[in-house]
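Notes to accompany the following structure.
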Amino acid sequence: MLQKQTARNSVILTLCLFFVLGCGTNLPEGDVKIIDVRNGSEPEIDLSAHKANDVEVYRSQFMVDGYKVRYYQLEQNKLVSHEATRGSTDDFYNAQYVWMSDTSVAIRLYNDSTNKELRFRVFGKGSMSGISDQLK
């Protein structure tokens with residue numbers, strides 16, 4: 001009886017490990033400092049200085065106060081950049097990102113001092129870029 005229970009527990013443990021390891025994703029994620037360029041200009045896009053899945057966030061002021069997200073992805077084996085701007089007058093100093101797919105990035109802007117945060121998703125493909133408050 002003890003042997004059967006031990007064998008059953010081993011099978012269950014093995015299945016659980018396969019499930020946990022299989023659920024893990026290798027989607028890129030990271031943290032970046034937000035660069036304030038309201039009194040200057042944004043850096044030019046330099047593809048040679050970036051790789052796929054890099055993300056930059058700028059505090060900018062063009063038509064509206066907001067945050068511009070510049071993200072880099074591979075399209076047809078070529079590195080391209082996309083940009084999307086989210087309007088906000090709140091002060092955020094840091095950003096976290098998680099790539100949700102090859103063309104979509106979940107963004108979290110946050111301020112540790114005020115505990116404020118702003119979440120949204122940016123996406124792009126070809127000549128199109130977009131932004132959504134829906135994270136799915």
Taking neighbour counts of Cβ atoms within 10 Å as a proxy for exposure, in what order, fewest first, do ILE107, ILE34, ILE45, ILE131 appear?
ILE45, ILE131, ILE34, ILE107
If each residue of separation counts as 0.36 nm, what is the full-extension length gain between LYS33 and ARG108 once their alpha-carbon separation is subtracted?
25.8 nm
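How much length is gained on full extension from GLN61 to GLU117, taking 0.36 nm per residue of separation minus their Cα-Cα distance?
18.2 nm
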Linear extension gain, SER81 paired with GLU44, 0.36 nm per residue minus alpha-carbon span:
12.2 nm
Check which residues have an amide H placed less than 5 Å from ASP54's amide H, if you skip close sequence neighbours.
TYR72
Which pairs, out of LYS51/LYS125; LYS33/LYS125; LYS78/LYS125, put more than 19 Å between their alpha-carbon atoms?
LYS33/LYS125
Calculated from backbone phi, Karplus (6.51, -1.76, 1.60) coupling profile of segment 43-60 in Hz, x at Gly/Pro
x, 5, 6, 10, 4, 5, 9, 10, 10, 4, 6, 5, 9, 10, 10, 10, 8, 10
So which aspartates and glutamates pass the test for LYS116, namely a Cα distance under 14 Å, with those fewer than 8 places away in the same chain ruled out?
ASP90, ASP91
Using amide H atoms built 1.01 Å from N in the peptide plane, name the residues 5+ places from GLU75, or on other chains, whose amide H lies under 5 Å from its own.
VAL80
What ³J(HN,Hα) values, in whole Hz, does the Karplus curve 6.51 cos²θ - 1.76 cosθ + 1.60 give for segment 122-129 when θ = phi - 60°, with x put for Gly and Pro?
10, 8, x, 7, x, 8, 9, 9
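Where a number appears in this text, it was derived from the coordinates with a stated rule and is not lab data. Because the structure is a prediction, the values reported are computed rather than measured. With ideal geometry, Cβ positions are generated from the backbone for all residues, glycine too; neighbour counts draw on all protein chains shown.
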